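The structure appears right after this line, and notes come after that.
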Amino acid sequence: MTESILELQNVEKYFGDFVAVERINLEVKKGEFFTIVGPSGSGKTTMIRMLVGMDKPSRGDILMSGERVNDVPANRRPTCMVFQSLALFPHKTVGENIEFPLKLRGETKNNRKTRAIQLLEQLHLTEAYYAKKVSECSGGEKQRVALARALAFDPEILFFDEPLSALDYRLRKTLEKELKDIQRQTGKTFVYITHSLEEAMVMSDRISIMRDGRIVQIGTPDEIYNKPANSFVAQFMGEVNQFNVTRQDDARFLDTDTQDTYVGPPDADLQSGVLIVRPERIQILAEGEAADTEIAGTVQNQYVLGSRVQYEVKVTKRSLLVETMIGDAWNVGESVRLGWNSDQAFLLAR
Amino acid sequence: MNMPSKSYSVTDSSPERLPENRGSALNIRVRNTLLWFRQPGALLSLPALLIFVAGFIGPLGLVVIYSLMPERSFAFNQLPTLENFVTIFQEGYYISYAWSVWLALVSTLILIVICWPVAYGLSRIFRRSMILTLLLVLPLFVSENVRLFGWVLTLLNHGILDGTTRTLFGWELPDMLYNAPVTVLGMVYVYLPFMLFPMSLGISMVPDACREAAFDMGATRWQVFKEVELPLAMPGIMIGCLLSFVLVLGSISEAKILGGQSIIMISHDIETAFTYAQNWPLGSALSTLLILLTAVLVIGLLSRLNLDNLLSRK
């Protein structure tokens with residue numbers, strides 16, 4: 001068991017009557033990539049501002065390596081944040097930006113430059129960037145400079161406030177992986193905030209999902225995906241099929257909207273709730289194939305998502321989303337049989 | 001260009017092309033001039049351009065021409081002479097210039113120090129509140145001379161301040177009027193808004209995130225000021241310095257009313273030359289030198305500032 005570097009105990013933050021975050025308990029382990037995910041307004045920005053020391057919690061304690069840091073201001077905490085806007089200094093060159101935390105500590109010019117160039121290299125930027133202006137850098141390059149500056153500070157915990165949100169999809173994907181690599185190389189603790197669970201899945205060791213100022217679930221990406229705590233978490237990952245059901249017998253559930261019956265997970269304790277089946281877990285059954293639950297329908301729409309295709313299939317009173325690998329061609333208007341096995345569905349509280 | 005010359009080197013073909021090019025260069029220039037007038041806005045700018053030339057460039061030109069005319073003359077169709085400038089250097093006018101520049105420098109420096117905290121509060125704490133801005137601008141609605149006489153009444157022997165302390169405590173205050181410090185006080189008081197508002201604009205241009213990032217990386221309050229706020233607010237500070245420096249350089253009432261002739265500034269000399277002395281050419285020569293001096297100082301400052309560079313940053 002590795003030691004915990006950051007611990008939150010019953011942390012709450014109020015702004016007047018407004019409760020921004022409520023009863024937050026979590027523990028981040030040393031060397032972990034921990035991500036806090038939540039939609040906008042879920043309190044994640046308030047969280048990170050308290051974690052770096054720019055706001056104080058109204059109640060509860062924040063512990064860093066076992067010590068209470070509630071009242072320690074940001075400039076005396078061994079942490080550093082990469083801002084959403086990056087907050088690079090426009091009047092300084094790339095090199096001066098990276099050297100900034102070292103300059104504050106009174107490092108000599110030569111040491112600073114050596115370290116800055118070392119960091120540029122680590123982030124796949126050439127030495128030529130050292131003398132460049134920040135305004136001459138592209139979005140992705142600025143991102144790397146901001147990260148280099150934070151690494152130059154050599155923090156015990158590195159915080160990220162959605163720094164990739166302004167970049168285009170491909171660049172974001174590249175940088176997500178680079179960030180994960182750098183975290184592995186440096187062995188530092190990264191705490192990352194994002195609204196995209198997809199982004200969190202790629203990078204994180206553990207994910208905490210927030211909603212309305214509270215933590216809904218903390219778990220590994222695998223747990224979040226396969227054992228979501230409730231339908232909010234399940235939907236957060238992407239589009240899902242959900243059915244309002246009540247239990248008929250051990251593994252049979254009655255859809256309260258359409259009166260269809262489905263075979264669901266037998267071990268669920270709930271008597272009623274939401275039955276969730278992810279689009280990629282529903283199969284379009286070929287002749288002779290069988291599944292626990294089978295429904296007949298008509299293909300209504302087809303959306304190509306890149307490597308996968310999503311079909312909207314009309315069944316008696318509703319439509320279902322089904323995803324398959326590209327290449328399985330079903331035409332719009334075609335009649336199909338859908339099916340899923342009981343272990344592909346999960347029953348969650350409403 | 002003809003085809004065969006293409007196969008030779010560039011130096012071979014250029015002597016043939018040169019005369020032909022010269023002929024067309026004039027055509028091109030005429031066409032370019034006509035094209036300039038066809039740009040959007042070019043014709044619309046003409047009235048403003050005319051007013052600018054007639055109202056600003058014209059009088060300025062007249063002043064320069066007058067400065068080259070013989071002493072105490074009122075016509076400018078005589079032979080140009082430099083005798084006015086010789087007079088200026090012989091008769092100790094440099095003292096007045098020195099006073100003007102020195103007072104402008106001192107006032108500007110004091111204004112920087114006084115205005116920084118006020119501008120900081122105005123742009124960061126009060127978020128450029130309308131009421132506060134109005135209160136700060138309000139004195140500008142009252143004539144400068146009236147406000148300066150207000151100071152005179154306040155600081156005068158047996159005036160508001162001295163009279164009050166005498167009656168209440170029997171204290172006799174030392175003479176406060178008619179010296180250099182009180183002149184500077186008047187200048188700082190009158191030109192405060194011209195430093196304050198550009199400066200507060202400059203401060204509001206400093207992104208909050210930059211300030212927080214520096215703080216987060218361990219900067220002390222002083223380091224945030226030195227490394228982030230001051231350089232990023234510099235365009236505003238420079239504009240404020242420029243305005244107050246130039247205004248003090250050309251000011252006259254503060255030295256006259258509060259300074260009570262203890263200090264003769266160059267603007268006072270210019271006024272005297274034009275009015276009592278009836279020596280327009282000398283006054284013009286003094287003005288021309290002042291304009292040159294201001295231009296040298298201002299252009300020197302502006303070239304170091306590189307406004308475009310600072311303002312186009314993202």
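The values are calculated or read from the model by the stated rules, or taken from the named source; none is laboratory data. Every value quoted in this text rests on a predicted model; they were computed, and no experiment measured them. Here the Cβ is made from the backbone with ideal geometry for all residues, glycine too, and neighbour counts use every protein chain on show.
Look at segment A:31-63 and say how many of its residues are assigned to a strand (DSSP E or B), aliphatic (A, V, I, L, M) and surrounded by fewer than 22 Cβ atoms within 10 Å (Cβ to Cβ). Walk me through it before giving the result.
Taking segment A:31-63 and keeping what is assigned to a strand (DSSP E or B), we get A:33-37, A:59-63.
Among the residues that remain, those that are also aliphatic (A, V, I, L, M) are: A:36-37, A:62-63.
Those still in the list that are surrounded by fewer than 22 Cβ atoms within 10 Å (Cβ to Cβ) too: A:63.
Count: 1.
Only one of the listed residues (B:Pro235, B:Pro281) is more than 30 Å from A:Phe160 (Cβ to Cβ), in contact (Cβ under 8 Å) with a residue 40 or more places away in the chain and touching a Gly at 6+ places or on another chain (Cβ under 7 Å). That residue is B:Pro235.
Pick from segment B:200-213 the residues that are in contact with a Ser or Thr (Cβ under 8 Å, 6 or more places away or on another chain) and within 8 Å of chain A (Cβ to nearest Cβ): which of them is farthest from A:Glu162 (Cα to Cα)?
Step one: of segment B:200-213, the residues in contact with a Ser or Thr (Cβ under 8 Å, 6 or more places away or on another chain) are B:200-201, B:203-204, B:207, B:209.
Still in the list and also within 8 Å of chain A (Cβ to nearest Cβ): B:207, B:209.
Details: B:Pro207: 18, B:Ala209: 14 Å.
If we take residues in segment B:200-213 being in contact with a Ser or Thr (Cβ under 8 Å, 6 or more places away or on another chain) and within 8 Å of chain A (Cβ to nearest Cβ), then B:Pro207 is farthest from A:Glu162 (Cα to Cα).
Take the conditions facing chain B (nearest Cβ under 10 Å), closer than 27 Å to A:Arg184 by Cβ and hydroxyl-bearing (Ser, Thr, Tyr) and apply them to A:Thr79. Does it pass? So A:Thr79 fits the description; yes.
Being at pLDDT below 90 and either more than 14 Å from chain B (Cβ to nearest Cβ) or in contact with a Ser or Thr (Cβ under 6 Å, 6 or more places away or on another chain) (or both), is that true of even one residue in segment A:137-154? Yes, the conditions are met somewhere in segment A:137-154.
Residues of segment A:98-116 being facing chain B (nearest Cβ under 10 Å) and part of a helix (DSSP H, G or I), which ones? Explain how you work it out, then say what you get.
Filtering segment A:98-116 for residues facing chain B (nearest Cβ under 10 Å) gives A:100-105.
If the condition is that a residue be facing chain B (nearest Cβ under 10 Å) and part of a helix (DSSP H, G or I), then A:Phe100, A:Pro101, A:Leu102, A:Lys103, A:Leu104 are the ones that fit.
The set of residues in segment B:166-195 that are surrounded by fewer than 13 Cβ atoms within 10 Å (Cβ to Cβ) and among the hydroxyl-bearing types (Ser, Thr, Tyr) contains only B:Thr167. For B:Leu136, the conditions (1) at pLDDT below 90; (2) exposed (fewer than 13 other Cβ atoms within 10 Å of the Cβ); (3) assigned to a helix (DSSP H, G or I) are fulfilled apart from (2).
Mind checking whether some residue in segment A:65-74 is touching a helix residue (DSSP H, G or I) at 6+ places or on another chain (Cβ under 7 Å) and facing another protein chain (nearest Cβ under 9 Å)?
There is at least one residue in segment A:65-74 that is touching a helix residue (DSSP H, G or I) at 6+ places or on another chain (Cβ under 7 Å) and facing another protein chain (nearest Cβ under 9 Å).
B:Gln278 fulfils the conditions (1) within 20 Å of the chain's Cα centre (by Cα); (2) not in a helix (DSSP H, G or I) except for a single criterion, (1).
Does A:Thr298 fit the bill of being part of a loop (DSSP other than H, G, I, E, B) and among the hydroxyl-bearing types (Ser, Thr, Tyr)? Walk me through it before giving the result.
Details: part of a loop (DSSP other than H, G, I, E, B): no; among the hydroxyl-bearing types (Ser, Thr, Tyr): yes.
Against the criterion (part of a loop (DSSP other than H, G, I, E, B) and among the hydroxyl-bearing types (Ser, Thr, Tyr)), A:Thr298 does not qualify.
Any residue at all in segment B:82-100 that is part of a helix (DSSP H, G or I) and closer than 30 Å to B:Ile203 by Cβ?
Narrowing segment B:82-100 to residues part of a helix (DSSP H, G or I): B:83-90, B:94-100.
Now restrict to residues that are closer than 30 Å to B:Ile203 by Cβ: B:100.
Yes, because at least one residue in segment B:82-100 is part of a helix (DSSP H, G or I) and closer than 30 Å to B:Ile203 by Cβ.
Checking each residue of segment B:242-262 against the condition of being over 15 Å from the mean Cα position of the chain (by Cα), among the hydroxyl-bearing types (Ser, Thr, Tyr) and more than 14 Å from every other protein chain (Cβ to nearest Cβ) gives at least one match. Mind checking which residues of segment A:323-347 are farther than 20 Å from A:Val263 by Cα, among the hydrophobic types (A, V, I, L, M, F, W, C) and in contact with a Gly (Cβ under 8 Å, 6 or more places away or on another chain)? The answer is A:Ile326, and nothing else.
Within segment A:318-328, identify whether any single residue is exposed (fewer than 11 other Cβ atoms within 10 Å of the Cβ), assigned to a strand (DSSP E or B) and under 31 Å from the mean Cα position of the chain (by Cα), and answer yes or no.
Yes, some residue in segment A:318-328 is exposed (fewer than 11 other Cβ atoms within 10 Å of the Cβ), assigned to a strand (DSSP E or B) and under 31 Å from the mean Cα position of the chain (by Cα).
Scanning segment B:215-264 for residues that are assigned to a loop (DSSP other than H, G, I, E, B), in contact with an Asp or Glu (Cβ under 8 Å, 6 or more places away or on another chain) and under 26 Å from B:Ala98 (Cβ atoms) yields a count of 1. Selection within segment B:68-109: residues that are of a type outside the set (Gly, Ala, Ser) and under 21 Å from B:Pro235 (Cβ atoms). The member of this set that is surrounded by the most Cβ atoms within 10 Å (Cβ to Cβ) is B:Thr108.
For the structure I just gave you, tell me whether B:Ile160 is surrounded by 11 or more Cβ atoms within 10 Å (Cβ to Cβ) and more than 21 Å from the chain's Cα centre (by Cα). Yes; evaluated as a whole, the condition is true for this residue.
Looking only at segment B:214-229, which residues are at the interface with chain A (Cβ under 10 Å from one of its Cβ atoms) and either under 21 Å from the mean Cα position of the chain (by Cα) or free of Cβ contacts under 8 Å to residues at least 12 places away in the same chain (or both)? It would help to see each step written out before you state the result.
Within segment B:214-229, the first condition is being at the interface with chain A (Cβ under 10 Å from one of its Cβ atoms), and the residues that meet it are B:214-221, B:223-224, B:227-228.
Once the filter is applied, which keeps residues that are at the interface with chain A (Cβ under 10 Å from one of its Cβ atoms) and either under 21 Å from the mean Cα position of the chain (by Cα) or free of Cβ contacts under 8 Å to residues at least 12 places away in the same chain (or both), segment B:214-229 yields B:Phe215, B:Asp216, B:Met217, B:Gly218, B:Ala219, B:Thr220, B:Arg221, B:Gln223.
Inclusion of A:Arg144 among residues that are assigned to a helix (DSSP H, G or I), over 17 Å from A:Val52 (Cβ atoms) and not aliphatic (A, V, I, L, M) is warranted.
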